[in-house]
Amino acid sequence: MAERLKDKVAVITGASTGIGKGIAKIFISEGAKVAICARNEDLFKAAIDELGKENCIAVKCDVTKSDDVKNLINKTVEKFGRINIVVNNAGKNPARLFTIEDTTEEEWDEYQGINAKGSFLVSKYAIPQIRKAGGGSIIMITSISANVGQANVGCYNSSKAAQQGLVKSMAVDFAKDKIRVNAISPAWVMVENLQEKREKIIDFINSMHPVGRIGYPEDIAWAAVYLASDESTWVTGSVFDIDGGYTAV
């Protein structure tokens with residue numbers, strides 16, 4: 001297999017499970033060194049055992065807290081010497097269905113904090129290191145929910161739209177530094193919290209995607225490899241819908 005990310009160092013947030021862990025696994029297979037982070041220490045210890053300690057470190061980090069994020073960036077540079085790639089994957093998915101009228105301030109702050117503020121803080125503190133490395137790539141894992149109308153998820157959808165707004169502005173601001181900023185916008189992806197529901201809803205979820213199936217973490221990971229690699233040096237400010245045709249209907 002070609003090592004498309006050889007000699008590159010990536011920070012991937014929310015990578016103890018699901019899409020983030022899938023991206024970390026494929027990045028490592030493509031030659032990258034990876035720093036993963038999550039709030040749940042038990043989960044990321046299991047992830048590091050799976051991914052391998054030689055090419056990966058795990059740092060406990062709440063992406064809504066500046067000190068935690070600074071520590072994540074510092075630990076990555078201490079271990080691997082630089083940062084070339086950031087994948088802002090940490091996020092909060094809808095825990096229940098509710099309109100804006102029924103949204104509490106605490107819920108609003110939590111969604112905006114993890115999804116939008118977290119992406120802001122990680123990017124803010126990683127950019128000087130990416131610039132120092134001669135440029136690189138920042139990838140936001142957003143959602144098709146940022147661009148489509150859906151009932152009872154306004155709090156979540158608005159936080160994902162905020163991420164995409166960051167992508168556009170940051171792409172313009174940091175192009176001069178050879179820092180590219182793009183987003184991957186998935187539809188439904190089979191991650192751990194869907195496993196127990198699979199038998200009841202999998203046929204319905206599959207039917208929503210013209211290709212006939214739900215996505216898997218590796219479907220998102222291969223798109224991230226392209227955006228992280230030198231193959232995409234003329235790509236910035238773009239949002240890639242990796243969604244099995246969901247938004248084409």
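Bear in mind that the values in this text are calculations on the coordinates, not laboratory data. Computed from a prediction, not measured in an experiment: that's the story for all the values here. All Cβ positions, glycine included, derive from the backbone under ideal geometry; neighbour counts span all protein chains shown.
From the Kirkwood radius over Cα pairs of region 91-225, Stokes-Einstein at 25 °C and 0.890 mPa s returns a whole-number translational diffusion coefficient of 149 µm²/s.
Take every pair of alpha-carbon atoms less than 8 Å apart whose residues are at least six positions apart; their mean separation over the length of region 73-148 yields a relative contact order of 52 percent. Expressed per residue, the C-alpha convex hull volume of region 1-62 stands at 67 Å³. For the chain, the longest principal axis of the alpha carbon atoms and the long axis of helix 66-80 meet at an angle near 50°. Compared with the dominant principal axis of the Cα atoms in the chain, helix 154-173 is inclined by about 30°. For the listed peptides 133-144, 66-77, a ranking on the average number of other beta carbons within 10 Å per residue, highest first, reads 133-144, 66-77.
What angle do you read, to the nearest 10 degrees and between 0 and 90, between the alpha-carbon axis of helix 217-228 and the longest principal axis of the chain? Once rounded, the angle reads 40 degrees. 3J(HN,Hα) along region 229-244, derived from phi through the Karplus expression 6.51 cos²θ - 1.76 cosθ + 1.60 where θ = phi - 60°, amounts to 8, 6, 5, 10, 5, 10, 10, 7, x, 9, 10, 9, 7, 10, 9, x Hz, with x in place of Gly and Pro. Each eigenvalue of the Cα gyration tensor of region 147-249, multiplied by 5 and square-rooted, gives one semi-axis; in descending order these are 28, 17, 11 Å.
In the calculated pair-distance distribution of region 1-106, the portion above 16 angstrom amounts to 58 percent of the Cα-Cα pairs.
Place the peptides 17-29, 91-103, 50-62 in order of packing, highest mean first, counting for every residue the other Cβ atoms within 10 Å and averaging per peptide.
On the way: 17-29: 23.6, 91-103: 13.3, 50-62: 17.4.
My ranking of the peptides, most packed first, is 17-29, 50-62, 91-103.
Working from the Cα coordinates of the chain, the gyration tensor eigenvalues give, after taking √(5λ), semi-axes of 27, 20, 19 Å in decreasing order.
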